[in-house]
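To start, the structure itself, in structure tokens.
The values are calculated or read from the model by the stated rules, or taken from the named source; none is laboratory data. Source: prediction; values computed, not measured. All Cβ positions, glycine included, derive from the backbone under ideal geometry; neighbour counts span all protein chains shown. Please note that ligands, DNA and RNA were not included when accessible areas were found on the heavy atoms of the full protein model with its side chains. Shrake-Rupley method; radii C 1.70, N 1.55, O 1.52, S 1.80 Å.
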Amino acid sequence: MEINSGNLLIQVVCQIRLANDFHLDGDYLIGGLFNIHYAHGGIYQTKPQAIDCSSQPFSLSDYRRFQMMRFAVEQINNSTYILPNVSLGYEIFDHCSDTKNFPGILNLISVNGLIRPWFEPLKNFSRVMAVVGPFTSTDALTIAPLFMTDLIPMVSYGVGSSRLSNKIKFPSFLRTVHSNDGMIEVIVKIIVHFNWRWVAFLNSDNDYGRDGLDLFIKKIDGTDICLAYTNALNDNTNYSQIFEPIEAQKIHVVIVFAPEATSEALVETAVQVNFRNKVWIACDTWSINKRLSKMKGIRNIGTVLGVSQPVETVPGFNNFIYSTKRQTFFKNEAQTGFCNQACNCSYVTPEDIISADASYSFTVYSAVYAIAHGLHNALQCGDGKCSDKITLFPYMVLEELQKSNFTLLNQNIQFDENGDFKSGSYSVVFWNQTGDAQEIGFYSFYPSLQFFINNTMIKWYTDGDVPTSLCSAECPVGYVQKQTGIHKCCFNCEICPNGTYINITEDRYNCINCKDTQWSKKGSISCDLRVVEYMPFTDNWAILIMVGAWALVGMTLSMSVLFVVNYNTPVVKSAGGPMCFLILGCLSLSSLSVFFYFGKPTVAFCVLRYLPFLLFYTICLACFVVRSFQIVCIFKIAAQIPKLHSWWMKYHGQHLVITVAFITEAFLLLISYSYAAPKPYQNKVWYPDKILLDCEINPKAISCSVILPLLLCSLCFAFSYMGKDLPKNYNEAKAITFCLLLLILTWIVFVTQYMLYRGKFILMFNALAVLSSLYCFLLWYFLPKCYIIIFQPHRNTPKYFQSLIQNYTKTISQ
């Protein structure tokens with residue numbers, strides 16, 4: 001099966017003339033696709049026909065690249081170290097349209113006007129081993145499938161679309177420029193470097209621009225950058241209307257990712273409508289555009305930064321341009337030739353070409369040399385000659401191309417597994433006051449990624465500090481950002497409350513809770529350790545209370561000795577007789593609890609803080625219940641209820657009550673401690689900046705063990721109150737009543753203090769309440785009796801007590 005490319009249903013309407021600059025014979029040919037002219041907008045047609053590129057607008061920079069390919073081929077043909085005894089030719093076409101330039105493309109892949117499928121025996125095949133070009137992404141995506149079928153290498157010098165990195169769809173596509181991914185990476189780094197977060201992205205409405213926008217959105221994901229506004233630019237776009245939403249949203253950074261012609265139209269409109277004071281970030285298609293940078297009024301639009309291909313000076317190129325013997329580069333001799341191999345640019349001077357935009361010139365130069373090296377290796381060249389026994393096919397050149405690794409003008413030329421350029425760098429430029437694109441930084445890919453910008457070389461439109469571009473101003477230290485709307489860059493600032501902090505490197509949107517052992521003030525950026533507090537033994541108050549406890553023990557011992565010496569006296573007997581020693585002993589044992597309120601709490605400390613006091617103080621209360629009952633019984637109940645009195649005396653009621661009280665309280669304490677024994681715990685509630693070490697008590701458990709002491713206290717108070725009218729000088733009941741009132745008052749004061757005060761001194765107050773409870777009976781019940789024994793012995797006689805009783809009997813009988 002054969003396809004005749006000359007009989008296609010396309011009428012080729014163009015000037016037919018041979019332009020030798022577009023064609024050069026050789027042993028092997030390289031195809032070339034250059035946008036020497038640009039077909040802008042849609043072209044209305046009434047019949048199918050190819051486009052005549054020479055009638056379209058001329059591009060001087062692309063024409064310079066076209067001449068660079070010619071120069072590279074001539075240089076290689078004159079070289080003795082690469083492709084010796086092999087001549088390299090070319091077939092170049094003016095590729096001005098992505099949809100109406102197929103005759104030239106078909107010419108490159110055909111032989112004598114025929115396109116022969118691979119499965120038929122090959123007798124004749126095209127001498128085109130590879131193609132340099134095209135320049136734009138849309139062109140490449142349109143025509144690449146035609147070359148991919150036969151694995152004809154396409155080495156582009158300007159295509160950026162990341163889609164062409166897909167080796168499944170584009171196996172023979174390579175490029176000597178970095179993909180849009182690298183370009184967008186540099187743009188994002190510039191934005192991050194200057195801390196801009198609120199940006200607009202204007203892209204061309206084609207494969208190149210859409211790919212750039214998609215990559216930009218992916219790159220800023222996870223960063224602080226917000227895409228506030230985007231618009232796709234085409235020939236029908238009203239550029240003046242684009243600037244209105246940018247101004248309304250207070251966007252100060254505008255990224256323009258579009259071909260040179262589109263970018264020129266946009267920037268020119270910005271100057272015309274007086275769109276002022278923005279930072280413009282240009283992609284490599286227009287970042288070193290000399291016409292725009294020197295245009296009148298360009299300073300009004302703001303500061304222009306850009307990313308560009310590094311401009312490498314290619315030795316010998318200028319001489320090549322000047323050495324052309326003809327006054328113009330093309331002869332207008334009508335000869336038989338192919339369509340779109342004409343220029344109509346005789347007016348272009350060598351100076352015009354040399355001074356034109358030099359970007360992408362080195363990438364053309366390196367693309368030709370990469371193909372030449374691939375041919376060199378495929379033909380097994382060496383020792384000044386190449387093998388003439390090898391039948392060379394494009395796929396063989398492709399295989400060697402993919403292995404490329406050579407140095408050209410001190411630049412390493414190498415491709416990765418996707419056919420993308422592996423080495424090289426980008427330049428970061430700034431349009432200075434003279435209208436030149438001044439290099440202020442770089443982004444290097446090889447041998448390692450490096451990024452640098454010299455901030456001091458930039459003169460901002462603000463005449464000072466770096467302009468800002470933020471939706472919302474930065475929050476003060478200690479504040480979190482609460483997003484408003486769809487953009488994370490738009491937010492309100494809220495201060496972090498106590499106990500939280502903000503770490504902007506981890507999460508600038510939420511307050512982080514401090515650990516239990518830490519604290520923070522409102523608006524903190526870190527947490528501090530809480531101060532651990534407890535009542536140490538060395539505290540002055542602790543020492544004073546413990547001295548009081550030892551004094552109590554000393555006093556009980558002294559009183560016990562005094563009572564033993566005066567055991568048979570009426571005062572000792574009226575105080576309780578042998579019961580006094582039990583009470584004094586229990587008061588001493590109860591004081592043990594005081595010592596365990598101090599020091600770092602442990603399980604043993606927590607148990608002993610309550611156990612001795614509750615157990616032995618209950619016995620004391622039981623003794624006073626018995627004593628109160630006995631006093632009332634002697635004077636009142638014995639006469640009124642003689643049987644009760646006789647039963648009490650017969651069965652030793654006082655011993656029975658005290659024993660039952662002791663056993664009952666011990667049992668209740670056992671139940672209480674089995675259910676929930678006191679244990680150490682860290683009180684982190686009372687103070688945000690402190691941890692108070694205390695003992696945790698279960699309210700239900702502790703209530704079980706205090707029921708009996710409360711009951712005994714109530715009975716004691718009731719019995720003692722019944723004896724309020726007993727003899728004035730013999731009123732033990734009044735003394736007990738007064739002691740109980742002091743006891744009740746002591747614990748009322750403590751409970752009140754506990755509710756009002758929070759801190760380590762609450763332990764001191766608790767110990768003081770316990771000690772005060774002990775001193776109530778020691779000072780107001782036993783001490784007066786000691787005073788009588790020592791200082792008033794005349795009142796400590798049986799006769800004196802008998803007189804008191806007789807007087808009371810006479811009084812009540814009257």
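Of note:
- Within the range 495-541, the set of residues being basic (Lys, Arg) and over 13 Å from Val477 (Cα atoms) comprises Lys515, Arg530.
- Exactly one residue among Asn510, Asn540, Asn498 is open to solvent by 50 Å² or more (accessible area, probe 1.4 Å) and under 30 Å from Phe596 (Cβ atoms), and that residue is Asn540.
- Of all residues in the range 570-586, those that are more than 16 Å from Phe662 (Cα to Cα) have Cβ atoms under 6 Å from Cβ atoms of residues that are among the hydrophobic types (A, V, I, L, M, F, W, C) and open to solvent by 10 Å² or more (accessible area, probe 1.4 Å), 6 or more apart or on another chain, in Pro570/Phe801; Val571/Ile788; Val571/Ile789.
- Residues being of a type in the set (Asp, Glu) and either over 18 Å from Gln341 (Cβ atoms) or modelled with pLDDT under 90 (or both) - total across the range 43-73: 1
- Filter pass, Ser524 being at pLDDT 90 or above, open to solvent by less than 40 Å² (accessible area, probe 1.4 Å) and closer than 30 Å to Ile504 by Cβ: yes
- Unmet criterion (only one of (1) in contact (Cβ under 8 Å) with a residue 40 or more places away in the chain; (2) crowded, with 18+ Cβ neighbours inside 10 Å) for Ala378: (1)
- Options Gly441, Gly424; residue that is in contact (Cβ under 8 Å) with a residue 40 or more places away in the chain and open to solvent by less than 60 Å² (accessible area, probe 1.4 Å): Gly424
- Candidate set from the range 712-728 (those that are modelled with pLDDT under 80 and hydroxyl-bearing (Ser, Thr, Tyr)); member that is least open to solvent (accessible area, probe 1.4 Å): Ser720
- Unmet criterion (only one of (1) out of contact with any Phe, Trp or Tyr (no Cβ under 9 Å at 6 or more places or on another chain); (2) open to solvent by less than 30 Å² (accessible area, probe 1.4 Å); (3) closer than 19 Å to Gly302 by Cα) for Gln241: (2)
- Those residues of the range 455-495 which are over 18 Å from the mean Cα position of the chain (by Cα), among the hydroxyl-bearing types (Ser, Thr, Tyr) and open to solvent by 70 Å² or more (accessible area, probe 1.4 Å), in sequence order: Thr456, Thr468
- Test: residue in the range 42-53 that is within 25 Å of Asp352 (Cα to Cα), part of a helix (DSSP H, G or I) and out of contact with any Leu (no Cβ under 8 Å at 6 or more places or on another chain): yes
- Wholly within the range 271-363, helices (runs of 4 or more DSSP H) carrying at least 2 residues that are modelled with pLDDT of 85 or more, over 30 Å from Val466 (Cβ atoms) and of a type outside the set (Val, Ile, Thr): 317-322, 350-355
- Flag for Tyr534 being touching a Lys or Arg at 6+ places or on another chain (Cβ under 8 Å) and either under 30 Å from Gly222 (Cα atoms) or open to solvent by 70 Å² or more (accessible area, probe 1.4 Å) (or both): yes
- Which numbered condition Val279 fails, given (1) of a type in the set (A, V, I, L, M); (2) over 15 Å from Trp196 (Cα atoms); (3) out of contact with any Lys or Arg (no Cβ under 8 Å at 6 or more places or on another chain); (4) touching a residue at least 24 places away in the same chain (Cβ under 8 Å): (2)
- Any hit, the range 161-170, residues being buried (at least 23 other Cβ atoms within 10 Å of the Cβ), modelled with pLDDT under 95, of a type in the set (Ser, Thr, Tyr) and in a loop (DSSP other than H, G, I, E, B): yes
- Flag for Met148 being open to solvent by less than 30 Å² (accessible area, probe 1.4 Å), out of contact with any helix residue (DSSP H, G or I) (no Cβ under 9 Å at 6 or more places or on another chain) and at pLDDT 90 or above: yes
- Close pairs from the range 741-757: first within 16 Å of Ala767 (Cβ to Cβ), partner at pLDDT below 90, Cβ under 8 Å, at least 6 apart: Gln753/Ile762; Tyr754/Ile762
- Gln433 being open to solvent by 70 Å² or more (accessible area, probe 1.4 Å), of a type outside the set (Asp, Glu) and farther than 30 Å from Ser165 by Cβ: yes
- Within the range 69-98, the residues that satisfy the criterion of being of a type outside the set (A, V, I, L, M), part of a helix (DSSP H, G or I) and either within 20 Å of Thr313 (Cα to Cα) or in contact with a Phe, Trp or Tyr (Cβ under 6 Å, 6 or more places away or on another chain) (or both) are Arg70, Phe71, Glu74, Gln75.
- Residue in the range 455-475 that is among the hydroxyl-bearing types (Ser, Thr, Tyr), in contact with a Phe, Trp or Tyr (Cβ under 8 Å, 6 or more places away or on another chain) and without any contact (Cβ under 8 Å) to a residue 24 or more places away in the chain present: yes
- Within the range 36-94, if we keep just the residues that are over 24 Å from Gly382 (Cα atoms) and of a type in the set (Val, Ile, Thr), the residue that is most open to solvent (accessible area, probe 1.4 Å) turns out to be Thr46.
- Yes/no for Gly26 being surrounded by fewer than 22 Cβ atoms within 10 Å (Cβ to Cβ) and modelled with pLDDT of 85 or more: yes
- Considering the range 171-204, and only residues there that are open to solvent by 10 Å² or more (accessible area, probe 1.4 Å) and basic (Lys, Arg), the residue that is nearest to Asn418 (Cα to Cα) turns out to be Lys189.
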